[in-house]
Amino acid sequence: MPHLENLVLCRESQVSTLKSLFGERHHFSFPSIFIYGHTASGKTYVTQTLLKTLELPHVFVNCVECFTLRLLLEQILNKLNHLSSSEEGCSTEITCETFNDFVRAFKQVTTAESLKDQTVYIVLDKAEYLRDMEANLLPGFLRLQELTDRNVTVIFLSEIIWEKFRPNTGCLEPFVLYFPDYSIGNLQKILSHDHPPEYSADFYAAYINILLGVFYTVCRDLKELRHLAVLNFPKYCEPVVKGEAGERDTRKLWRNIEPHLKKAMQTVYLREISSSQWEKLQKDDADPAQVKGLSAYSHVELPYYSKFILIAAYLASYNPARTDRRFFLKHHGKIKKTNFLKKHEKTSNHLLGPKPFPLDRLLAILYSIVDSRVAPTANIFSQIASLVTLQLLTLVGHDDQLDAPKYKCTVSLDFIRAIARTVNFDIIKYLYDFL
């Protein structure tokens, strides 16, 4: 079918398999089909397009939306009811509490003339959520054709493998179909298919080639790449629109777009600013770090003392313990760095990574760097626990080690400097590596 080939690209093998499984409209199809693959591999799109193009009666249900058994079963039955009564123009809402009620109601709904002599398809998207529902639901859907004695096929769409679904008690095995990730050639072909009519296909294909050259190593999600392609294309066209370059001046076009693609690399998968804000940023040629929300680390909102706790934790992680006297005692005398330096300490502590430190050392440094007196209240300890939850600190050792818990600070130098600036604390003066 040539029309279908234009709609579904780079999935010829999967489309051919599904069409052969569906067979003729009046034939009994496979009782259940399990389709799996990573996100944005075309599972939902291919299934929906195939069913719509072939004009097969089907019901599409998202298991994230239908998060309870009742919602799921009623959604399927009511959609089927609307499907069978569309010609008459009236239908009543069906209520359903259990899977037994669902089987009885399903038999009644599918007796309609429009559904009697052909296969009905029930598509369950995000099917992994079925595992959190009643134990009889998945085996019931797998045997629905047998239980209802109707020509019905249940199609499961999931991002995880069938082995993670299979119940311990056993069940009817579905036909398993795998959708592999798109290769770079597939992505090039699919994205190039979206070229705007005012530009030539070769010009847009060259732009997609540049985009994939930058982003393919960090992002292979078709949806995200499509979003990036639409977002950055006006900047790529800018020299052509202004008359500064032709469509074939790839070197000049690359030099113009390169810095903007590097900025976009910082926000892959993160919808921290809207597309309109990003376009405004492109026009102004501003630095992304100047826009609030574009750097996840530059604007972390923490309570006042939590910032000092994090600073103290960073100092405890990256300064040797014996240097605390040098940094945090007022009358420590003159101590040169050469007196501390040993042969094995010539390497920077920042290169070696954070070291664990006990809670009492953290609190001692905290009391030294905070101007006002801080009492060791439950509030302070709860803020430490919150920093662990936010993964800014890591608890080292067992969770039940109450007497002397140890922590590590997991944030970067740029992050802690940004936090320190918000409380007017010069952290560089207190770091051993920068003496």
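The values are calculated or read from the model by the stated rules, or taken from the named source; none is laboratory data. None of the values given here were measured: they were computed from a predicted structure. Quick reminder, even Gly has a Cβ in these numbers, built from the backbone with ideal geometry, and neighbours come from all protein chains shown. The accessibility values were calculated without ligands, DNA or RNA, using every heavy atom of the protein model including side chains. Shrake-Rupley method; radii C 1.70, N 1.55, O 1.52, S 1.80 Å.
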If you scan the range 415-435, which residues turn out to be aromatic (Phe, Trp, Tyr) and either open to solvent by 10 Å² or more (accessible area, probe 1.4 Å) or not in a helix (DSSP H, G or I) (or both)?
Phe425, Tyr430, Phe434
Checking Tyr297 against (1) modelled with pLDDT of 70 or more; (2) surrounded by 11 or more Cβ atoms within 10 Å (Cβ to Cβ); (3) not polar (S, T, N, Q), the condition it does not meet:
(1)
Qualifying residues in the range 188-229 (those that are of a type in the set (Val, Ile, Thr) and in contact (Cβ under 8 Å) with a residue 24 or more places away in the chain) - the one most open to solvent (accessible area, probe 1.4 Å)
Val218
Wholly inside the range 302-362, helices (runs of 4 or more DSSP H) that include 1 or more residues that are modelled with pLDDT of 85 or more, open to solvent by less than 40 Å² (accessible area, probe 1.4 Å) and not charged (D, E, K, R) are 304-318
Residue among Leu83, Leu54 that is surrounded by 16 or more Cβ atoms within 10 Å (Cβ to Cβ) and not charged (D, E, K, R):
Leu83
Being in a loop (DSSP other than H, G, I, E, B), touching a helix residue (DSSP H, G or I) at 6+ places or on another chain (Cβ under 6 Å) and open to solvent by 10 Å² or more (accessible area, probe 1.4 Å): is that true of Phe67 here?
no
Within the range 143-157, residues being crowded, with 17+ Cβ neighbours inside 10 Å and basic (Lys, Arg) number 1
Output the residue which, of all residues in the range 184-222 that are more than 30 Å from Thr153 (Cβ to Cβ) and polar (S, T, N, Q), is nearest to the chain's Cα centre (by Cα).
Thr217
Contacts under 7 angstrom Cβ, first residue in the range 118-142 being farther than 14 Å from Ile155 by Cα and open to solvent by 20 Å² or more (accessible area, probe 1.4 Å), partner of a type in the set (S, T, N, Q) and part of a loop (DSSP other than H, G, I, E, B), 6 or more apart
Gln118/Asn151
